[in-house]
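*Asks:* Below: one structure in structure tokens.
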Amino acid sequence: MERSEARLAQLLDRQVETYTLFQDSPILADEPMRTAHQAGQDGVALRIRLASYRALPLSCIENIELMIGGTRYPAEALTLFIGNVAYCPAETAHLFDRWWFILDHATVFVPTGSLGRGPHRVEIKLATVEPYITAGRFTFHHADARDLTVAEG
Amino acid sequence: MTPEQNLPFGLGVALHSFTAEYVALKWSFEDLIELTGYLGGGVEITGPAHHRGYPHVTIEFERTFKSAVERFGVTPTCYGSYADPFTLPARNRTPDELFEFIGPQLEGAARLGFPVVRLQFFSHVVAERLLPIAERLNLKMGYELHAPLTFESSTVQMLMEQIERLGSPHLGLIPDCGIFASSVSDGHLDRARGAGVPDAVIQQALQLWSEGIELAQALETLRASGLSEQQVAPVEMFWGSFGRSDPANLVTHKDKIIHMHGKFFTMVDGEEPNLRYRDIVGALVASGYDGWLSSEYEGGASVNSFNACREQQSMIRSYAAGSK
């Protein structure tokens, strides 16, 4: 077996920042938003990660909402892409067999119209349910905020 | 079981321990398998965390997993299934839906080479229906006894009665060491303070916890003392992480125990300050337990999870040597 202190050190010393789940989980990807067009609307697309330790079915995504430059976009206004399939985040309550895997980005289209290059203050709220915690559907409320520029999509 | 010196049972890691590094993409899934080779060699995975396609095992994942197990010389010990009863907002999963959800997880676990599957206790309503599948696949299913459950709780008494009634070697128990606690961790107390819970309410919560008052009743008392709804979650975690079960149950019920979850939250000077590991290991040695124990780290990301597991396993080995 290829085991050695040198190989172990190689794995342990990789310089990647970690964070404590459910407390500091980053949701917004640290990269520019992209200009995008969806269902006849201009806007931006940005990528997000799930803030859990395991994949969740879309029926457990209770709410997503964004604030970009002071303007609020509720779930009904957004389009959520999981693996290139489009969903309205306000209409996923029945989707028990569509999964968001823990290592995958989802993409959110926000109908902002034409935004300038920025940077813009972007705030996200994500409410998810862990579908087994003892007393019933237990909702975790996550939030994240970043200053993001807009690049051509 | 690995031929460890002084250790009658095998040690390994639940890959859940490495969650912080895994989700931050410091370590790939295969890196996690590789790391278990340095930590006793037993590998335990969690379905929805570790493979796309869950609850089904894809042929790609089967190849990846088996190749990593072979390459790094480790042993699959337990597959973490879920019942996920509260998946839909409108209603809970029906027994038929539980059966349809858990069945494929048993099939997948067997294909991957796991001898044991962790069941969440909600699965009990379909355990009898799942037994023929477990028998065909030569799998053992075990109810995880996780806080707030304890051996002494009515739910677990019910599970044990079912196990006795069904009388099958394919159904047993997987105690999580978090149920054998002597105290609640400082980390949990800090999170409650951080959520604004007043010190007096925290002290009252700890008093109720130490008296063995069950969660529902304790929350009633604490709400009356002014615990607000936003503050319930961090206080609930005192009961959700730490139980007051007696490790002697590991001897009394040894015939039902098919696997062990070595839950731990923090190591201080080579010991886990809140969990009764000396008593746990003593009981496992006394009972002749010869299965696997998966280290399961659930502390914060400020500590390297590999080093935490290594320290915990040293502690377990030294307690085992000391209890002979």
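The values are calculated or read from the model by the stated rules, or taken from the named source; none is laboratory data. These figures come from a predicted structure and were not determined experimentally. Backbone-built Cβ (ideal geometry, glycine too); neighbour counts: all protein chains shown.
*Asks:* Suppose we keep only residues that are over 25 Å from residue B:176 (Cα atoms) and aliphatic (A, V, I, L, M) within segment B:54-103. Which one would you say is nearest to the other protein chains (Cβ to nearest Cβ)?
*Replies:* Filtering segment B:54-103 for residues that are over 25 Å from residue B:176 (Cα atoms) and aliphatic (A, V, I, L, M), the one nearest to the other protein chains (Cβ to nearest Cβ) comes out as B:88.
*Asks:* When you scan segment B:89-105, do you find a residue that is buried (at least 21 other Cβ atoms within 10 Å of the Cβ) and of a type in the set (Ser, Thr, Tyr), even just one?
*Replies:* No: segment B:89-105 contains no residue that is buried (at least 21 other Cβ atoms within 10 Å of the Cβ) and of a type in the set (Ser, Thr, Tyr).
*Asks:* Please indicate, with yes or no, whether at least one residue in segment B:12-33 is more than 30 Å from residue A:17 (Cβ to Cβ) and away from every other protein chain (no Cβ under 14 Å).
*Replies:* Filtering segment B:12-33 for residues more than 30 Å from residue A:17 (Cβ to Cβ) gives none.
The answer is no; no qualifying residue exists.
*Asks:* When residues of segment A:44-71 are filtered for being within 14 Å of another protein chain (Cβ to nearest Cβ), free of Cβ contacts under 8 Å to residues at least 60 places away in the same chain and assigned to a strand (DSSP E or B), how many remain?
*Replies:* The qualifying residues number 1.
*Asks:* Can you pull out the residues in segment A:1-24 that are more than 8 Å from every other protein chain (Cβ to nearest Cβ) and either among the small types (Gly, Ala, Ser) or touching a helix residue (DSSP H, G or I) at 6+ places or on another chain (Cβ under 7 Å) (or both)?
*Replies:* Within segment A:1-24, A:4, A:6, A:9 qualify.
*Asks:* Specify which of the listed residues (B:243, B:172, B:194, B:187) is surrounded by fewer than 14 Cβ atoms within 10 Å (Cβ to Cβ) and not basic (Lys, Arg). Explain how you work it out, then say what you get.
*Replies:* On the way: B:243 fails: surrounded by fewer than 14 Cβ atoms within 10 Å (Cβ to Cβ); B:172 fails: surrounded by fewer than 14 Cβ atoms within 10 Å (Cβ to Cβ); B:187 fails: surrounded by fewer than 14 Cβ atoms within 10 Å (Cβ to Cβ).
Residue meeting the stated conditions: B:194.
*Asks:* For a quick check of your reading: which strands (runs of 3 or more DSSP E) sit entirely within segment A:86-153 and have at least 1 residues that are modelled with pLDDT under 95 and surrounded by 15 or more Cβ atoms within 10 Å (Cβ to Cβ)?
*Replies:* A:120-130, A:138-148
*Asks:* Looking only at segment B:239-267, filter to residues that are in a loop (DSSP other than H, G, I, E, B) and of a type in the set (Ser, Thr, Tyr); which one of those is nearest to the other protein chains (Cβ to nearest Cβ)?
*Replies:* B:266
*Asks:* So which residues in segment B:268-318 are polar (S, T, N, Q) and in a loop (DSSP other than H, G, I, E, B), if there are any at all?
*Replies:* Pass one, segment B:268-318, residues polar (S, T, N, Q): B:274, B:287, B:294-295, B:302, B:304-305, B:307, B:312-314, B:318.
Listed by number, the residues that qualify are B:274, B:302, B:304.
*Asks:* Identify the residue in segment A:87-103 that is more than 20 Å from residue A:139 (Cβ to Cβ) and in contact (Cβ under 8 Å) with a residue 24 or more places away in the chain and, among all such residues, is nearest to the other protein chains (Cβ to nearest Cβ).
*Replies:* A:101
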